[in-house]
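Remarks on the structure that follows.
Read-outs throughout are calculated quantities, based only on the coordinates presented, and are distinct from any laboratory measurement. Keep in mind the model is a prediction, meaning the values are calculated, not measured. Counting neighbours? That spans all protein chains shown, and the Cβs are built from the backbone with ideal geometry, glycine included.
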Amino acid sequence: MSEMTAELRYGFGKNWAEFVSKNFNEEVLNQSQTHLADFLRVDTLRGKLFLDIGCGSGLHSLAAYRLGAERIISFDYDRDSVATTERLRRYAGDPAHWTVMHGSVLDRKFMEGLEKADIVYSWGVLHHTGDMWNAVRNAAIPMKADGIFFIALYASEAYVDPPPEYWLKIKRLYNQHGLIGRRLMEWWYVWKFHFVPTWRSGGNPLHAIWSTHHRGMKFWTDVRDWLGGYPMEFAGMAETRDFCKQELGLDLINLGTGEANTEFLFCHLGKNQQWTAIEAQRAQRPLARPFSKIDGFSFAAYEPSLRDSADGNDAPRRSRVMVYEDGRPLGLNHSLHDHIAKYGSGRFSHWGDNIYFSTPDNSDPNTNSRTYTYCVSF
């Protein structure tokens, strides 16, 4: 990491301490707990060791505790985050089976000394280390052979207008400012990227501020976390999938988009009984041909039988459809239709009677000799 990057490192721990002081409550915890259980497709973590890498506020470790995890290990590089997580551990009654410590995912020796975990969890952390791919590699060290690897990274496909380079510049600028400059940038960001777009679409610009996100985060905490988050790297969906397969031997088994981060769930298929059984039930069916050319890189497959489970204006992320190219998950789901047409690269959307999609290399799916399939409940 360069000296400039080190100087501009954002103090996530102070942000999380403020979040817990001002916004933590049982509703926030319940939302985090529900999201964790839903993505892991479990009702309980009984009998599981949960490792929280970059524990931040400690909220997700507390959610794992409430889900009945047998053992919880939380660590963070930021000592303020360690202190805040300890605060939530005390809130839980000082459970002896929950350990909070200071450590770095970039310290290989430290990672090798951790207990082997059933669930290795790192949400929105590894891309802020200054050495993302080495962090991903080290994060998998304490994972059991039949364990789960749950990470969330900033997917480059989700940031096209403005692009990643724009946001890196903004983040550096934010960290160079003092308190007043940061507050002004926060209001500029909220006005430009929340108020104006929501108002133009006919929505209520104030709604996002008063609502709570489904992982239990609060609006202003997220704004500061986003603007301040530096160092920072972006990772493409296919890039992350391929890295974890080629470097770590892990199979992508679940994918979630819609927040700033894209969520990835990996395991060794064949070694994890739960997800091997889920994968066996995922019957891939061919997309209806011929595919209609819509615009740019966008094509459509007419699938009216899936209409009731499709995304719509009332529920823009309802669909649980995954599209595959030659048996591999295609790309970013729930994508905007104009982004599919303009940028392609595997973006897709299940909307109404159709599945709108693009190919990873933006070729014509009618003529590139590849197979395109889908399954429901990815």
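Couple of notes before you dig in:
- Rel. contact order, % - alpha carbon contacts under 8 angstrom, at least six apart, the chain: 14
- Computed E for Asp242/Leu173 - FRET, C-beta separation, R0 56 angstrom, nearest 0.05: 0.95
- Nonlocal amide H pairs with Leu250, under 5 Å, H built at 1.01 Å: Lys245
- Straight-line cross-link partners of Lys144 among the lysines, defined as a Cα under 23 Å from its Cα and at least 8 positions apart when in the same chain: Lys48, Lys109, Lys116, Lys245, Lys271.
- Cross-link partners of Lys14 among lysines (Cα-Cα below 25 Å; sequence separation of 8 or more within a chain): Lys22, Lys169, Lys171, Lys218
- Pairwise Cα inverse-distance average, inverted: Kirkwood Rh of the chain (Å): 21.7
- For the chain, the residue among Val125, Ala277, Cys267 whose Cα projects farthest onto the positive side of the dipole built from Cβ charges is Val125.
- Test item: Cα-centred dipole of the stretch 1-90, Lys/Arg +1 and Asp/Glu -1 on Cβ, debye: 300
- A helix-only calculation puts the chain at -10500 deg cm²/dmol for mean residue ellipticity at 222 nm, using -39500 (n - 2.57) for each DSSP H run of at least four residues, averaged over all residues.
- Arranged from fewest to most other beta-carbon atoms within 10 Å of their beta carbon, Trp188, Trp98, Trp220 become Trp188, Trp220, Trp98.
- Here Lys342 is the anchor, and the lysines within straight C-alpha reach of less than 21 Å, apart from those fewer than 8 places off in the same chain, are Lys293.
- Rounded to the nearest 20 debye, the dipole size of the chain about its Cα centre is 340 debye, using +1 on the Cβ of Lys and Arg and -1 on the Cβ of Asp and Glu.
- Calculated on the Cα set of the stretch 205-355, radius of gyration then Dmax: 17.4, 48 Å.
- Rounded to 10°, Cα long-axis angle of helix 26-40 versus longest principal axis of the chain: 50
- Listing Ile141, Ile340 from fewest to most neighbouring C-beta atoms within 10 Å gives Ile141, Ile340.
- Relative contact order for the stretch 250-378, counting Cα pairs under 8 Å that sit 6 or more residues apart, in percent: 27
- Equivalent ellipsoid dimensions for the stretch 269-372 as semi-axes, Å, which come from the Cα gyration tensor, largest first: 23, 17, 13
- Percentage relative contact order, the stretch 73-207, counting C-alpha pairs under 8 Å, at least six apart: 17
- This model, with +1 at the C-beta of Lys and Arg and -1 at the C-beta of Asp and Glu, gives the stretch 10-152 a dipole about its Cα centre of some 160 debye.
- Sorted by Cβ density within 10 Å, fewest first, the residues Cys55, Cys244, Cys375, Cys267: Cys375, Cys244, Cys267, Cys55
- Taking amide H atoms as placed 1.01 Å from N in the peptide plane, the amide H of Tyr230 lies under 5 Å from those of Tyr10, each 5 or more residues away in sequence or on another chain.
- The stretch 65-140 versus the stretch 254-298: alpha-carbon centroid distance in Å: 28
- Residues with amide H under 5 Å from that of Gly312, placed H, sequence gap 5 or more: Arg317, Arg318
- Extent of the stretch 9-83 along its three principal axes (Cα atoms, max minus min coordinate, largest first): 35, 24, 17 Å.
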